[in-house]
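S.K.: First, the structure itself, so that you have it in front of you.
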Amino acid sequence: MIKALLLLAGAALVAFFVANRRKARAKAGVKIGFVLFVVFMVYAVLRPDDLTVVANALGVQRGTDLVLYALVMGFAFVTVSTYVRFREQELRYARLARSIALQNAVRPEDEPDATAVMPVADDDDRLRR
């Protein structure tokens, strides 16, 4: 029972998060989910016997196993979240770089003639003479 529940919960979280990444409701949902996760972990530390009862009801032998399953799901969610966020950030940087390159583009006919530009002597050349 716990395997099916964890797999369904994980798939639902990932699908919801990827589909609604930019919406304010999804961002608020992530924050609320994080707070609930922290509350669950604090409760697990303070009342481990209650956690064992909940674990037994879900078909898990020990409460520590249930905590482990919750941590694995949390880690998977954070990993997917980080991947999606970095992918979006890379896309934004690429768009920014393209727009800057287009703004600063120089047409070939507007470039100065390379033979007309004389090299300027730097300070090292003056000292050598």
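The values are calculated or read from the model by the stated rules, or taken from the named source; none is laboratory data. The shown structure was predicted, so the numbers you read here are calculated from the model rather than taken from an experiment. Neighbour counts are summed over all protein chains in view; Cβ atoms, including those assigned to glycine, are modelled from backbone coordinates with ideal geometry. Side chains included, ligands, DNA and RNA excluded: accessible areas come from the protein's heavy atoms. Shrake-Rupley method; radii C 1.70, N 1.55, O 1.52, S 1.80 Å.
S.K.: Out of everything in the stretch 58-74 that is part of a helix (DSSP H, G or I) and not aliphatic (A, V, I, L, M), what residue ends up being farthest from the chain's Cα centre (by Cα)?
M.R.: GLY63
S.K.: Now a separate question. Considering the stretch 29-58 alone, what residues qualify as being in contact with a Gly (Cβ under 9 Å, 6 or more places away or on another chain) and of a type in the set (Val, Ile, Thr)?
M.R.: THR52, VAL53, VAL54, listed by residue number.
S.K.: Can I ask one more? For the condition of a type outside the set (A, V, I, L, M), exposed (fewer than 13 other Cβ atoms within 10 Å of the Cβ) and modelled with pLDDT of 80 or more, what is the one hit in ARG25, ARG85, ARG62, ARG47?
M.R.: ARG85
S.K.: Could you please give the count of residues in the stretch 83-102 that are over 27 Å from ALA12 (Cβ atoms) and of a type in the set (D, E, K, R)?
M.R.: The total comes to 3.
S.K.: Out of all the residues in the stretch 65-82, which are open to solvent by 80 Å² or more (accessible area, probe 1.4 Å) and farther than 17 Å from ALA12 by Cα?
M.R.: Result: LEU68, single match.
S.K.: Further, regarding this structure: I need every pair where a residue in the stretch 1-12 that is over 15 Å from PHE75 (Cβ atoms) has its Cβ under 8 Å from the Cβ of a residue that is open to solvent by less than 60 Å² (accessible area, probe 1.4 Å), sequence separation at least 6 or different chains.
M.R.: Sorted first by the residue in the stretch 1-12, then by its partner, the pairs are MET1/LEU58; MET1/GLY59; ILE2/LEU58; ILE2/GLY59; ILE2/VAL60; ILE2/LEU66; LEU5/LEU58.
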